[in-house]
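Read-outs throughout are calculated quantities, based only on the coordinates presented, and are distinct from any laboratory measurement. Note that this is a predicted model, so its numbers are computed, not measured. Ideal geometry is used to build each Cβ from the backbone, glycine not excepted, and the neighbour counts take in all protein chains shown.
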Amino acid sequence: MRIPAVDLRAQLSAHHDELYAAIHRVVDSCGFILGPEVEGFERDFARAMGAAGAVGVGSGTAALELALRAVGVRSGDEVITAAFTFAATAEAIVHCGARPVFCDIEPGTLTIDPSLVDALVTPRTRALLPVHLYGHPADLDALSELCRRRGLWLIEDAAQAHGARWRGRPCGSWGDLACFSFYPGKNLGAFGDAGAVTGNDPELLARVRRLRNHGSRDKYHHEEVGFCERLDALQAAILSAKLPHLSAWNEARRRHARRYSELLADLPLTLPWNHLDAYAVVHLYVIRTPHRDELVRALQEHEIDAAVHYPRGLHRQPAFIELGLGDVVLPETDRAANEVLSLPMYPELTDDQIQEVAGVVRNVLLERRTR
Ligand SMILES: *Cc1c(COP(=O)(O)O)cnc(C)c1O
C-alpha cells in the first residue's frame, strides 16, 4: 500500500458527516459570499489563534499581500524575509511593488536568524516577514524586540503554523498582522483555496477587510482600490467544522514526529529541531542528509512519497533572479535546500506506516555505512 505524503482522504472519511452537513447548510442557505458563515469562522479562528480578530481571505498568498498593503508597504519599500520558504512569501512583497531582502536562516529551526536582521535594515525597510517554517515558530521574542527597536512592522507568515506557539503564546498573535493559508494540505485545510489574516489592531484588520472586498466598507462605497479576495461561505463552513479538531490533529502530528525521531535517532542524519520555547505543529517532518537523492529513490521504490520543501532558496529561482535578487550569499539556506527531505506526515498516519518509512531510511543509511 502506497504511503502518501499527505492523506486528505483519511481525514475526509473520519469526519465525512460533519463536513457534508456543513456543505449542505451553505448550499441550502444560498448565502455564498461573506455573511454569517464567514463571520462565525473568523470569530472562532481568531480566538483559537489568540488574536483579537481575523479576516477570511481567498488564499494564504492573498493574506500576505493584503497584510503588507494594510500596513502601507508600497513601491520603493524593502521587506526583510527568508529565501528558504514557498515562493508566495516573496511574491506578495513583489506584488506590493516592494523589494524582498533575503535573510539567512538558523541551521537548527530553519527560520530567520535574528542576529542577521539588523545588518539588512536600511532607511527603506518597512517590515519584517518571518516564516514559521514546517510549523516551527521563528524566534518571535527576538524578532518582536527588533521590530520595536527599528520601527518595523512585524508580519508573520504562519501559513504552516496553525496552533503553533512560542513561549506559550500562539503564532498569529505576535505580529502586527499574521497570515494563514487553508490550502488543502495545510494543518487546517479547506476544500479549495482559502486564507486568513489575524491581528490585534482593529484598524489594521478593518483595512484588510476593506482591501479583500474591492476597497469597500459598505456596499458601493469604495474608499480605496481593493481586491476580490474574500473567503467564501462554503470554505468557511468547512473550516468551522474542522477547527475544533485542530488541536488533536496537531497533537497527533507531534506524536508521529516523536516516533519518527525515536526510530531514526541512531542514524547519521539530522533530525528536526524543536526549540525549547517552541510548540511546533509539524506541518512537515523534515530530516536532513547529504544523501537525499539516494533516499528519495529508495522511498519511491517502496511506494513511499517523500518530497523536498524546498529544493532551492528563492534567491536561486529564475523568477527572483530576474528581479535582481539572486546576488545574495545565504550559506545556511543553500545547505538546507540541498539536504532537506520531508517524510510522510499527517494526523492519520499509523504506527505501521511510520515504522515502514523509518525502516527504509534506516536500511539505506546503514547499507551506505557498510559499503
Ligand atoms: C502555503 C504557503 C503560502 C501560500 O498559501 P496559499 O494558500 O497556497 O496561497 C505562503 N507561505 C507559506 C510558507 C506557505 O507554506
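Find the residue count for segment 111-141, including only residues that are in contact with a Lys or Arg (Cβ under 9 Å, 6 or more places away or on another chain) and within 12 Å of the ligand (Cβ to nearest atom).
Here the count works out to 1.
Being buried (at least 20 other Cβ atoms within 10 Å of the Cβ) and either part of a loop (DSSP other than H, G, I, E, B) or at positive phi (or both) is the filter here; which residues of segment 326-345 pass it?
Leu330, Pro344, Met345 - these are the residues of segment 326-345 that are buried (at least 20 other Cβ atoms within 10 Å of the Cβ) and either part of a loop (DSSP other than H, G, I, E, B) or at positive phi (or both).
Every residue, every condition in (1) among the aliphatic types (A, V, I, L, M); (2) closer than 18 Å to Ala48 by Cα, yes or no:
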position	(1), (2)
Ala241	yes, yes
Pro244	no, yes
Ala248	yes, yes
Arg258	no, no
Pro268	no, no
Asn274	no, no
Val281	yes, yes
Tyr285	no, no
His302	no, no
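Go through segment 179-212 and give me each residue that's touching a strand residue (DSSP E or B) at 6+ places or on another chain (Cβ under 7 Å) and closer than 21 Å to Pro137 by Cα.
Answer for segment 179-212, where residues must be touching a strand residue (DSSP E or B) at 6+ places or on another chain (Cβ under 7 Å) and closer than 21 Å to Pro137 by Cα: Cys179, Phe180, Ser181, Phe182, Gly195, Ala196, Val197, Thr198, Gly199.
Report the residue count in segment 146-193 for those that are more than 29 Å from Ala307 (Cβ to Cβ) and within 13 Å of the ligand (Cβ to nearest atom).
Result for segment 146-193: 0.
Here is a list of conditions, (1) within 16 Å of the ligand (Cβ to nearest atom); (2) within 29 Å of Pro107 (Cα to Cα); (3) among the β-branched types (Val, Ile, Thr), and Thr270 meets all of them except one; can you say which number that is?
(1)
For segment 150-185, how many residues are buried (at least 21 other Cβ atoms within 10 Å of the Cβ), out of contact with any Asp or Glu (no Cβ under 7 Å at 6 or more places or on another chain) and part of a loop (DSSP other than H, G, I, E, B)?
9
Please indicate, with yes or no, whether at least one residue in segment 213-230 is away from the ligand (no atom under 14 Å from the Cβ) and under 18 Å from the mean Cα position of the chain (by Cα).
No - not one qualifying residue is present in segment 213-230.
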